[in-house]
Amino acid sequence: MLTLVLVVGLPLAAVGAGRAAYESTMRTVHAQSAQRHEVTARLTSNVAGDSDVTKEPAQVRWTEQNGTVRTGTTLVKPGTRLGATLQIWVNRDGTITSPPANATTAWSNGFFVGGMAALGTVVGIYAVRAAAGHLLDRRRYAQWDVEWDLVEPRWSARFRR
C-alpha cells in the first residue's frame, strides 16, 4: 500500500506543489513588472575605488517620464565616477527598488518547491512505514510473551528432574 502511495503520490505531490509555486511566483512577476520600470540615472557623487566591498551606496539623479527630477541612493561599484550613467529600477512612487522577479525565478521556485514536496512525501512514507513496523513488532513481541508464559513452565520442567 505504501509503495502504491509512493508511486502515485510522489509525482502528484511534486507536480502539484511545484505548479502552485510557479503560478504564485508568476503572479508576483506580473505584479512587479506592472509596478516597476527601469530608468537611466546619473551618479551625483564620486565613489571611492579603494574599498574591498563589491558595491557602495551613492547618490543618483534621474528624470521620470513625466519630467519630475528625483534623487535617491543606490549601490554602485567602487571607483564609479561622478556623472556616470547607470540603469536603476524605480516603482510607481519613484522610489528606487530592486528589479522585478522574472520567469526564471518562477521556474526555479517551482522546481525547488516540487523537489521539497517530493522529499517530504518520501520522508512521510518512510516515517509511516517505520511507525507501522514498530507497532507490528510490539504486537508480535506481546504475543510471544503470552505464548512463552504458556509454554515456559512445561518446557523448563523437563530440566528440573
- Restricted to the stretch 25-55, and to residues that are small (G, A, S) and in contact (Cβ under 8 Å) with a residue 24 or more places away in the chain, which residue is least open to solvent (accessible area, probe 1.4 Å)? A41
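Condition (residue is more than 30 Å from E56 (Cβ to Cβ), of a type outside the set (A, V, I, L, M, F, W, C), in contact with a Leu (Cβ under 7 Å, 6 or more places away or on another chain) and open to solvent by 40 Å² or more (accessible area, probe 1.4 Å)) applied to the stretch 118-130: is it met by at least one residue?
Within the stretch 118-130, one or more residues are more than 30 Å from E56 (Cβ to Cβ), of a type outside the set (A, V, I, L, M, F, W, C), in contact with a Leu (Cβ under 7 Å, 6 or more places away or on another chain) and open to solvent by 40 Å² or more (accessible area, probe 1.4 Å).
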- Task: Taking V122 as the residue in question, decide whether it is β-branched (V, I, T), out of contact with any helix residue (DSSP H, G or I) (no Cβ under 6 Å at 6 or more places or on another chain) and over 30 Å from V7 (Cβ atoms).
- Result: no
- Message: Pairs please, first residue from the stretch 97-114 and more than 11 Å from A21 (Cβ to Cβ), second anywhere and charged (D, E, K, R), Cβ atoms under 8 Å, 6+ apart in sequence or on different chains.
- Response: T97/R36; P99/R36; P99/E38; P100/R36
- Note on the structure: In the set G67, G94, G83, the lone residue that is on the phi > 0 side of the Ramachandran plot, loosely packed, with under 14 Cβ neighbours inside 10 Å and in contact (Cβ under 8 Å) with a residue 24 or more places away in the chain is G83
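The values are calculated or read from the model by the stated rules, or taken from the named source; none is laboratory data. Small disclaimer: the values here were computed from a predicted structure and weren't measured. In this analysis, Cβ positions are derived from the backbone assuming ideal geometry, glycine residues included, and neighbour counts consider all displayed protein chains. Note: accessible area is taken over every heavy atom of the protein model, side chains too, but ligands, DNA and RNA are not part of it. Shrake-Rupley method; radii C 1.70, N 1.55, O 1.52, S 1.80 Å.
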